[in-house]
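The values are calculated or read from the model by the stated rules, or taken from the named source; none is laboratory data. Quick caveat: nothing in here was measured; it's all calculated off a predicted structure. Cβ sites come from the backbone with ideal geometry, for glycine too, and all protein chains shown count toward neighbours.
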Amino acid sequence: MQNESWHLEDFVDSLVVELDKTRETLAVKALNKPLSYTVRDLSLDLNIFPAYDGDQVSFTTAQAGQEGASKVTIQLGTITDQQVRATSKAPAGKDEVKIDTIDVDKATKKKLRKIGVTSADDLKTIERKNVDIEQAGDAGIDYNSLANKIEKSRRARQPPVVKSASLIADAEARPCLVIKGEKLAVNPKFPPVALIDGLLADVTSSSAGELRIRVDNPASFATATELVMMVDPFAVMRVNLQQGAAP
Amino acid sequence: MDEAFRHLRETIVELVNQSPVVGDGPFAQRVSMTAIEIELPLELDITRDAAGALAVGITPPLYMLKTSVLPSFHHMRVRASLHPETNDAE
């Protein structure tokens with residue numbers, strides 16, 4: 001008989017799964033028995049030996065002949081879905097950036113988890129309430145660096161896509177390069193920057209689907225021209241353009 | 001899991017799988033149990049399956065004899081109530 005050590009979270013998760021399956025079995029029985037019993041609560045008094053490795057507490061159940069065990073009581077009761085919604089955080093959305101997925105050292109992730117921050121949205125909530133996260137957690141959480149890494153991770157999930165480039169005359173009859181695509185300029189706080197063959201160009205308008213760049217010398221597009229666009233600090237695109245015959 | 005142990009759910013289902021109305025024939029008195037509370041000592045076997053998930057096996061004391069080395073007895077209390085809740089069990 002193996003006696004595995006376990007963490008409290010794993011053990012309680014297993015109990016909850018067992019109770020859920022119990023409920024499902026009893027629900028099936030209730031189809032043919034209009035009157036039956038349903039489990040309201042479960043309590044377990046365990047004789048265990050706790051151990052702390054500096055990071056987590058693990059428990060080992062006492063075996064035959066072992067003395068000096070500590071006692072842990074775990075009580076599980078039933079809860080309605082309304083109570084769950086009222087007392088729990090909403091499930092994470094697909095677009096939510098989890099702290100575990102970004103390039104942050106383990107110590108920082110652990111400090112953030114201790115203060116209940118598990119996603120970028122949690123950090124925003126703290127920021128909105130004007131809480132100094134460097135004071136709230138242990139010293140050593142660099143919030144600015146963390147915020148940048150979160151933005152970088154978020155941008156990597158939704159990279160910009162260039163679909164077409166065309167040269168037109170704008171409303172003032174001046175040559176203008178129109179870049180169409182998806183998720184181009186999505187950060188309203190960062191005006192896009194463009195370089196044509198290494199020279200700074202004027203971005204006259206920008207949106208998620210289009211960039212308009214004023215061109216001083218449209219003849220330069222007769223040969224291969226390099227266009228570099230920085231639509232936000234974490235999205236830089238390099239495109240080679242050459243004017244060709246219309247299809 | 002040791003073969004003497006069963007999953008927690010199997011034990012609990014059997015413990016609460018009682019008839020709510022107990023009587024002796026159609027014309028005798030009947031008893032309706034509105035709630036059951038069961039306490040029992042048990043032995044635990046905690047293992048991990050191939051996927052690494054924790055499996056909790058339990059069994060009431062296996063032996064009636066008091067041996068020189070006793071197993072470690074934990075304690076479980078289960079409370080179940082009648083569903084749907086009604087004052088008239090019939």
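Structural remarks
- Test: residue in the range B:18-38 that is facing chain A (nearest Cβ under 7 Å), in a loop (DSSP other than H, G, I, E, B) and over 27 Å from A:Thr78 (Cα atoms): no
- For the range A:31-41, the condition holds for at least one residue, the condition being that it is over 38 Å from the mean Cα position of the chain (by Cα) and part of a helix (DSSP H, G or I).
- Qualifying positions in the range B:1-17 - free of Cβ contacts under 8 Å to residues at least 40 places away in the same chain, closer than 23 Å to B:Arg48 by Cα and not in a loop (DSSP other than H, G, I, E, B): B:Arg9, B:Glu10, B:Val13
- Condition met for A:Ala171 (part of a helix (DSSP H, G or I), more than 16 Å from A:Arg155 (Cα to Cα) and more than 25 Å from the chain's Cα centre (by Cα)): no
- Complete set of residues in the range A:1-55 that are of a type in the set (Ser, Thr, Tyr) and facing chain B (nearest Cβ under 7 Å): A:Ser14, A:Thr22, A:Thr25, A:Ser36, A:Tyr37, A:Thr38, A:Ser43
- The residue that is surrounded by the fewest Cβ atoms within 10 Å (Cβ to Cβ), counting only those in the range A:185-203 that are in a loop (DSSP other than H, G, I, E, B) and at negative phi, is A:Lys189.
- Considered as a group, the residues in the range B:39-67 that are modelled with pLDDT of 85 or more and assigned to a loop (DSSP other than H, G, I, E, B) include one that is nearest to A:Val12 (Cα to Cα), and that residue is B:Pro60.
- Of residues in the range A:73-102 being touching a residue at least 60 places away in the same chain (Cβ under 8 Å) and more than 28 Å from the chain's Cα centre (by Cα), the one farthest from B:Ala80 (Cα to Cα): A:Ile74
- If the condition is being among the aliphatic types (A, V, I, L, M) and either touching a helix residue (DSSP H, G or I) at 6+ places or on another chain (Cβ under 6 Å) or more than 22 Å from A:Ala224 (Cβ to Cβ) (or both), then the range A:188-212 contributes only A:Ala208.
- Screening the range B:40-74 for residues that are charged (D, E, K, R) and exposed (fewer than 12 other Cβ atoms within 10 Å of the Cβ) and picking the one that is farthest from the other protein chains (Cβ to nearest Cβ) gives B:Lys66.
- Residue match in the range A:192-215 (condition: under 25 Å from A:Ile150 (Cβ atoms) and in contact (Cβ under 8 Å) with a residue 40 or more places away in the chain): yes
- Scanning the range B:1-10 for residues that are more than 9 Å from chain A (Cβ to nearest Cβ) and either surrounded by 13 or more Cβ atoms within 10 Å (Cβ to Cβ) or under 18 Å from B:Ala80 (Cα atoms) (or both) turns up just one, B:Arg6.
- Sole exception among (1) touching an Asp or Glu at 6+ places or on another chain (Cβ under 9 Å); (2) buried (at least 16 other Cβ atoms within 10 Å of the Cβ) for A:Lys89, by number: (2)
- The residues listed here are A:Ser70, A:Ser58; of these, the one that is touching a residue at least 24 places away in the same chain (Cβ under 8 Å) and more than 9 Å from every other protein chain (Cβ to nearest Cβ) is A:Ser58.
- Helices (runs of 4 or more DSSP H) contained in the range A:52-167 and holding at least 3 residues of a type in the set (A, V, I, L, M, F, W, C): A:120-128, A:143-157
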